[in-house]
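Notes for the one structure printed next.
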Amino acid sequence: LCKVHKRHGTFMHSTQQAPLQILEDALLGVDKDGKIAFIGKGGELNKLSQDFGFSPSEVTQLTKDEFFMPGMVDTHIHAPQYSYAGTALDLPLLQWLDTYTFPVESRFRDLEFAKKVYTQVVKRTLRNGTTTACYFATIHTDASLLLGKIANDFGQRALVGKVCMDMNNSVQHYKETTQDSQDETRRFITELLKKKYPLVKPVVTPRFVLSCTGPLLGELGAIARDNNLHIQSHISENAQEVKIAKEMFPESETYTDIYHKFNLLTDKTVMAHGCYLSDDELNLFKETGASLSHCPNSNISLCSGVLNVRNVLKHKVKLGLGTDVAGGYSASMLDAVRRARDTSKFITIQTPEHETLTFEEVFRLATLGGSQALSLDEQTGNFEVGKDFDALRVNVAAPEGPIDISQEEGPKVGSVSPNHVCWFVFFSVTGDDRNIVEVYVAGRKVIPFTEPTAE
């Protein structure tokens, strides 16, 4: 059965009960389909080798400085905006969109330009340990299909959305008619599904309320319902945006009600940001099963707002992390982890009774939480038997890496034992992609790269 991988060493993951579970002396096997076949103790090697038909000599032993963790899940990233990531952060959201984003995204009708940028972003996010990404593309159907192909070719699990927007008063040439947006969304879905990519799926993508008329939102809700598809958009990112949304749809009590009215709030919906959601709106998220993507870097970089993650979790709303490139300047989920902690600390500074998020909790948001937010937790998110082996092999002592191991044992930090303080250092401040020595998606090693063969 276990024809692909057998690994022995330390594995770290999250469960519904524990934000961080450390499995020492663990033995994990992956079957020929890339699914986790077993996970047991090293002392069970002989029995497991007999039960699953492999030789004990085939097992790869991790070093004391290595561990496996689940691949990270980026629940919100704009692939075309990677072309200017790290720049143009001098304006608030709506002016930023008009001045920088829409003009750049309009260039993606050029498929050569799109291929270059989309190849870069897929390779970079994989290198950073993102095994699953939920991508916004642009309004251009063929370029959006190209993004799906590139993600498939490099082996990344992805939700890909052709952006829908039939309103744009600032950049007139970067919008669709209502009918074209509907028709092209159907074409995108049909053609992407026809490819039968094993790990890439379409996601219905109204940009946000300010870019879409009511008739378009209604049609997109129907398309998602009729095809049982994921939905992604933005909500309550910026105070000015919230005000305009309510003015556009005065018959709706809240921003969340607008999406709910058009059947866009389902158990397969992920909404980015949510900084200004009321408790009643969070209750509606919980009732519908919709999820939020916390994008702390972007929230801070564009001075948009602050999401109180503790309050979201109190309402039992599904929650993951997003890089939100290029509002967020980094395509690394490790950065999202650190900015999530920073944001939580900001809230604690202002409200001392606030319970700051722990690194263990944010680790769960970056892995299992993200898979739950995208309704992919039956396939990925942790090391449960039957799930796909989406995993990172981390070496905190990687040659030329950013972490200096100065002592065999460090102090106890939270629930992390002295022997695993390097896990804490990797996530908290110092670790980066140089420590991620191997990346697996559905059992396939995708890092180090094997370049796709030309067609």
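The values are calculated or read from the model by the stated rules, or taken from the named source; none is laboratory data. Here the structure is a predicted model, which means the values were calculated and not measured. Neighbour counts are summed over all protein chains in view; Cβ atoms, including those assigned to glycine, are modelled from backbone coordinates with ideal geometry. Accessible surface is based on the protein model in full, side chains and every heavy atom, while ligands, DNA and RNA are left aside. Shrake-Rupley method; radii C 1.70, N 1.55, O 1.52, S 1.80 Å.
With the full set of protein chains in place, find how many percent of the accessible area of the chain is carbon and sulfur; take the probe as 1.4 Å. The C+S portion of the solvent-accessible surface of the chain is 50 percent.
Against the criterion of solvent-accessible heavy-atom surface with a 1.4 angstrom probe, Leu147, Leu45 sort, most first, into Leu45, Leu147. Relative to the longest principal axis of the Cα atoms of the chain, helix 141-154 runs at roughly 0 degrees. Between Ser170 and Arg186, the contour length at 0.36 nm per residue exceeds the Cα-Cα span by 3.1 nm.
For region 278-329, the Stokes-Einstein estimate of translational diffusion at 4 °C and a viscosity of 1.567 mPa s comes to 113 µm²/s, using the Kirkwood hydrodynamic radius over alpha-carbon pairs.
The packing ranking, built from the mean of other Cβ atoms within 10 Å per residue, places the peptides 19-28, 48-57 in the order 19-28, 48-57, highest first. Scanning the chain for trypsin sites (Lys or Arg not before Pro) that sit in a DSSP loop and have at most 15 other Cβ atoms within 10 Å, the longest stretch containing none of them is 65-195. Entry for region 272-391 at q = 0.17, 0.21, 0.22 Å⁻¹: log10 I(q)/I(0) = -0.84, -1.23, -1.32, Debye formula applied to identical alpha-carbon scatterers, no solvent contribution. Of all DSSP bridge pairs formed entirely within the chain, close to 45 percent run antiparallel. Here the contact order of region 72-374, divided by its residue count and restricted to Cα pairs under 8 Å and six or more residues apart, works out to 20 percent. Residues of region 19-41 falling in the label zone of Asp153, defined by backbone nitrogen less than 20 Å from a point 7 Å along Cα to beta-carbon, are absent. For region 327-344, backbone nitrogen atoms closer than 13 Å to the point 7 Å from Arg124 Cα along Cα-to-C-beta are found at 327-333. Between Lys286 and Asp90, the modelled label-to-label distance comes to 4.4 nm, taking each label 7 Å out from Cα in the direction of the beta carbon.
Leaving out ligands and nucleic acids, note down the accessible area per residue over the chain with a 1.4 angstrom probe, in whole Å². Ligands and nucleic acids excluded, the result is 39 Å² per residue. Over the C-alpha trace of region 122-212, radius of gyration and Dmax come out as 13.6, 39 angstrom.
Compared with the dominant Cα axis of the chain, that is its longest principal axis, helix 214-227 is turned about 40°. Average 1/r across all pairs of distinct alpha carbons in region 72-374, invert it, and you get the Kirkwood radius: 18.8 Å.
If each DSSP helix of 4+ residues adds -39,500 (n - 2.57) and the sum is divided by the residues in the chain, what number results at 222 nm, nearest 500 deg cm²/dmol? -10000 deg cm²/dmol, from helical runs alone. Applying 0.36 nm per residue to the separation of Thr450 and Thr177 and subtracting their alpha-carbon distance, the gain on full extension is 94.2 nm. Here r is the Cβ-Cβ distance between Gln240 and Val385 and R0 is 41 Å; the resulting FRET efficiency, rounded to 0.05, is 0.25. Principal-axis analysis of the Cα atoms of the chain puts helix 333-350 at an angle of about 70° to the longest axis.
Computed from backbone phi, the HN-Hα couplings of region 189-206 come to 4, 4, 6, 5, 5, 5, 5, 6, 5, x, 10, 10, 10, x, 9, 5, 9, x Hz, rounded to whole numbers (Karplus: 6.51 cos²θ - 1.76 cosθ + 1.60, θ = phi - 60°; Gly and Pro given as x). The alpha-carbon of Lys261 sits under 18 angstrom from the alpha-carbons of these aspartates and glutamates, leaving out residues fewer than 8 places away in its chain: Glu219, Asp226, Glu247, Glu251, Glu253, Asp280, Glu281, Glu287.
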